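Contents: one structure, followed by commentary.
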Amino acid sequence: MAGEEKKLKTAVFQEETRIFNPPKDLVENSNVMKWMKKKGFKTEKEMRAWCSSDEHYLEFWDEMAKTYVDWHKPYTKVMDDSEMPYFHWFTGGEINITYNAVDRHAKGKKKDKVAYIWIPEPTDQPTQKITYGDLYKEVNKFANGLKSLGLKKGDRVSIYMPMIPQLPIAMLACAKLGIIHSVVFSGFSSKGLMDRAADCGSRAIITVDGFYRRGKPVPLKQNADEAAAGAPAVEKIIVYKRAGVDVAMKEGRDVWWHDLVKGRSEECEPVWVDPEHRLYILYTSGTTGKPKGIEHATGGNAVGPAQTLHWVFDLKENDVWWCTADIGWVTGHSYIVYAPLILGMTGLMYEGAADYPDFGRWWKNIQDHKVTVLYTAPTAIRMFMKQGPQWPAKYDLSSLRLLGSVGEPINPEAWMWYREHIGRNELQIMDTWWQTETGTFLNSPLPITPLKPGSCTFPLPGYDISILDEDGKEVPLGQGGNIVSLKPYPSMLRAFWGDKERFMKEYWQFYWDVPGRRGVYLAGDKAQRDKDGYFFIQGRIDDVLSVAGHRIANAEVESALVAHPKIAEAAVIGKPDEVKGESIVAFVILRIGNDPSPELAKDAIAFVRKTLGPVAAPSEVHFVNDLPKTRSGKIMRRVVKAKSLGNPVGDISTLMNPEAVDHIPLIV
């Protein structure tokens with residue numbers, strides 16, 4: 001494969017030339033600028049380079065660890081790489097992440113500060129405001145309940161819950177006791193839960209009777225029952241009563257949350273752990289094989305997420321932070337639970353769907369609770385683009401001062417729409433690139449960074465990110481290759497649960513024997529840098545088309561299509577072609593108010609031809625009402641390709657909208 005790729009020519013695409021400079025007051029008052037002035041740095045470029053350099057990056061992380069975290073026992077070594085690629089951080093120290101996220105605030109000046117504003121989906125149910133003092137009591141009561149069941153440090157517990165406050169409470173209670181939590185997205189099937197609980201040997205499942213989605217209660221406990229039947233280590237199922245759904249409770253195994261915490265002490269001493277003690281296991285699906293259990297360590301995930309959130313999103317004492325992700329994904333772990341709480345921030349959590357009771361729900365949430373910083377996904381932005389700007393225009397979004405993007409590369413058209421209709425044509429967008437495996441943002445603008453639409457700009461301070469060719473050489477500006485991390489960092493994954501061979505093969509083997517590249521982490525994404533050094537993520541390594549000897553990233557063509565004024569979303573695949581190797585086929589969703597037609601298909605093809613050149617123009621455009629997506633909103637090109645070419649699509653039970661698969665047309 002690598003040899004074949006080297007023979008291919010790299011297609012030349014349209015370069016992004018628009019630059020959006022940050023407002024002067026944002027720059028001058030930013031958290032990162034205050035640090036830069038203290039250190040004596042004159043420019044952002046100088047600062048980023050110093051923090052990521054061989055000479056200083058461990059010094060940088062040492063300072064960050066001491067700035068953002070209280071250590072029960074000081075560490076004696078910042079990083080130990082003697083067992084590469086199993087890197088160890090903050091050796092010799094002791095820590096408890098729940099102490100840092102909850103206890104120290106509840107026992108200090110922030111006791112009465114709101115930690116979470118929780119908005120239920122049903123509009124007739126009241127919003128809850130949970131202070132750090134409240135959170136402390138609830139976490140401790142639940143932790144004492146877990147102890148009463150015999151659960152202890154090192155045990156694994158699966159958490160299968162919707163976006164309600166009891167989800168972070170359960171996570172924090174586990175972490176307080178040194179129990180390793182494994183959160184499974186509540187939209188997954190019973191089999192998805194079973195596979196994950198069985199793989200990590202969970203002793204308990206924490207779930208709910210049901211939850212609300214688009215106004216209706218959705219039962220969930222039965223899925224936990226079915227999962228437990230195939231996960232032999234499960235001894236207990238703890239059930240929180242959320243939706244009032246009738247459920248069967250198995251005597252001796254099942255226990256209601258309210259019964260478990262009844263009469264429990266509101267005090268619970270934290271279990272101090274080694275910084276390398278596993279905080280959580282989070283499963284991520286590959287294209288083949290069983291889900292991968294990503295192991296994350298306690299120390300690194302106390303330091304990295306808090307520091308990056310503080311610098312990238314410039315959070316201040318009075319900010320209201322809303323990360324719209326589900327806690328079932330790494331974004332929710334790092335930037336809804338651990339980092340905001342460690343920083344002592346107020347965060348907003350919303351239980352339900354973005355379109356319930358209508359497409360104004362998110363914007364109403366922002367208006368009602370004066371949200372100041374919004375962090376969401378490109379797929380959500382494109383959904384709102386499709387519906388039209390009239391929805392956000394109905395609400396007062398003037399409280400917003402900073403925006404963010406996460407989950408996949410954001411195409412420039414969506415970026416511009418986001419800035420115009422949510423950001424009043426004046427707010428900066430922090431476009432973050434990172435992964436489940438990394439635990440934190442790796443590339444991102446800072447509030448001081450000039451922006452280019454669709455670019456995650458540069459590696460953050462303390463992260464040494466580069467783009468290499470197949471031989472391990474850094475590619476010149478203007479060309480693409482494999483995006484990699486040249487150095488380890490505190491929040492990175494530590495292993496795959498129970499699968500050392502796969503861990504080595506997927507991330508480290510590719511450059512392991514290349515001189516000077518041992519220990520280089522292969523992220524699995526393609527990227528390129530423009531003439532100014534700005535990074536543009538092009539998609540997964542295996543999502544690259546080969547058209548007449550040219551390598552073309554699917555994401556590039558999709559981005560060009562979505563820039564068309566009548567197109568909301570697009571998926572591009574390669575169709576076997578005897579002459580060109582592959583021809584490009586596009587499946588597109590139109591914006592509301594537009595109808596499919598042969599003329600519009602031709603216009604879309606011509607639009608891409610003009611934008612990217614003839615080699616990247618689709619040979620076919622098919623109009624669809626929906627595209628199959630993961631629960632995090634990413635379009636599943638693999639499924640689209642399999643269905644359209646008449647091949648087996650595989651297991652689609654974990655898709656957000658499996659019914660969309662049936663409407664993908666056959667193209668052969």
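Taken together, the values in this text are just the output of simple stated rules run on the coordinates, not laboratory data. These numbers were taken from a predicted model, which means no experiment stands behind them. Reconstructed Cβ throughout: ideal geometry from the backbone, glycine too, with neighbour counts over all protein chains shown.
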TODO: Among the trypsin sites (Lys or Arg not before Pro) in the range 16-82, which ones are in a DSSP loop with at most 10 other Cβ atoms within 10 Å of the Cβ? Mind listing them?
DONE: Lys42
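What's the magnitude of the charge dipole for the chain around its Cα centre, counting Lys and Arg as +1 and Asp and Glu as -1 at the beta-carbon? Answer in Debye, nearest 20. Could you put the intermediate results ahead of the total?
Values: 84 positive and 84 negative charges, 182 e Å.
Computed about the Cα centre, the dipole is about 880 debye.
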Task: For the chain, calculated [θ]222 nm from helices alone, where every DSSP H run of n ≥ 4 adds -39500 (n - 2.57) - done: -8000 deg cm²/dmol
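Do any of Lys77/Lys487; Lys42/Lys487; Lys45/Lys526; Lys42/Lys531 go past 19 Å between their Cα atoms, and which?
Numbers: Lys77/Lys487 17 Å; Lys42/Lys487 25 Å; Lys45/Lys526 23 Å; Lys42/Lys531 23 Å.
Violating the 19 Å limit, Cα to Cα: Lys42/Lys487; Lys45/Lys526; Lys42/Lys531.
How about the range 187-218: which trypsin sites (Lys or Arg not before Pro) there lie in a loop by DSSP and see at most 15 other Cβ atoms within 10 Å? Present the calculation step by step, with values, prior to reporting the outcome.
Details: sites: Lys191, Arg196, Arg203, Arg213, Arg214; in loops: Arg203, Arg214.
Sparse-neighbourhood loop trypsin sites (Lys or Arg not before Pro): Arg214.
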Open item on the list: So if I take the centroid of the Cα atoms in the range 528-583 and the same for the range 419-488, what is the distance between those two points in Å?
Closed with: 19
Task: Coil-residue GluC sites (Glu not before Pro) of the range 387-434, DSSP, other Cβ within 10 Å capped at 15 - done: Glu426
Open item on the list: Between 0 and 90 degrees, rounded to the nearest ten: what's the tilt of helix 57-68 against the longest Cα principal axis of the chain?
Closed with: 50
Open item on the list: Quick check: the angle from helix 132-148's long axis to the longest principal axis of the chain, C-alpha only, nearest 10 degrees?
Closed with: 70
Open item on the list: On C-alpha positions alone, give me the angle between the axis of helix 598-612 and the longest principal axis of the chain, in degrees, nearest 10.
Closed with: 90
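Which order do the peptides 159-165, 133-139 take when ranked by the mean count of other beta-carbon atoms within 10 Å per residue, highest first? If you can, show how the numbers build up before the last one.
Numbers: 159-165: 23.9, 133-139: 21.3.
Most protected by this proxy first, the peptides run 159-165, 133-139.
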